Every structure is written in C-alpha cells, then in structure tokens.
Amino acid sequence: QVQLVESGGDLVQPGGSLRLSCVASGSIFRVYSMGWYRQAPGKQRELAAVITSGGITNYADSVKGRFTISRDNAKNTVFLQMNNLKPEDTAVYYCNQVPDRFPWGQGTQVTVSS
C-alpha cells in the first residue's frame, strides 16, 4: 500500500515562493504519473499540476507560469515549486497519482496572506 507524505507548506506573503515535497513509499513510484492537487476552503479538490513517468508536465491555467512540478524517482519524491504566490493559492496541497488511486495523505497547508 503506497503512503504519501506531503511537506513544505507555510504562511507566505503575496509574491512569495514555497517548495512542496511529497515522499511516496513503494518501489514502483517511477512508473506512475503524479500530480499535485489542492483544496481551498469550501471548494472541491482540483488538480494543479501533473508530471508523467517520462517527465512531461501539464498545469492548470490558474498556476501556469508560476508553478513547476518535478520528480526524483530515485528518492520517490515529487516536488512543487510555487512562485509569485497569490491569495487564491491558499489551500491544502496534496500529491497523488493521476488519476488519484492512492490513499490520500494528510496534505500540507499553504496560506498566502499579507
């Protein structure tokens, strides 16, 4: 059973940056497409960024040009570099397979506020 552990969330001012990390247990992590999802208060969880097993990336329009997803298969880790953060990026961020098939982790809280 794959377990996902997200970290790196924090309180940051608008325009700031954060780097999120997600470590996945399991030896076949490298074959999966992985994504970062986010859920803002009162809203449904949405997919923000995807990276395939081959390293191809795709982004939601709302984060394109500001967020960068990457992965280190040797360390079973997927990253999300977030720049020029906006208040509307405030959410709990989760990683999971795309489509989501693993049990959800606890997520990491990102709060963008002055």
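Taking only the alpha-carbon atoms of region 3-48, what semi-axes of the equivalent ellipsoid follow from 5 times the gyration tensor eigenvalues under a square root, in whole Å, largest first?
For region 3-48, the semi-axes come out at 24, 15, 10 Å.
Positive end of the dipole of the chain, charges at C-beta (+1 Lys, Arg; -1 Asp, Glu), about the Cα centre: which of N84, V23, S62 has its Cα farthest in that direction?
Projecting each Cα onto the dipole axis, the largest value belongs to V23.
Given +1 on the Cβ of Lys and Arg, -1 on the Cβ of Asp and Glu, and no further charges, what dipole in debye does the chain carry about its Cα centre, rounded to the nearest 20?
160 debye
Send over the semi-axes of the chain's equivalent ellipsoid, whole angstrom and largest first, taken as the square roots of 5 times the C-alpha gyration tensor eigenvalues.
Each semi-axis is √(5λ); the values are 22, 14, 12 Å.
Just subtract the alpha-carbon distance of Q1 and Q13 from 0.36 nm times their residue separation and send over the number in nm, one decimal.
This chain segment gains 0.6 nm when fully extended.
Where a number appears in this text, it was derived from the coordinates with a stated rule and is not lab data. What you see is a predicted model, and the numbers here were worked out from it, not measured in a lab. Virtual Cβ from ideal backbone geometry, glycine too; neighbours counted across all protein chains shown.
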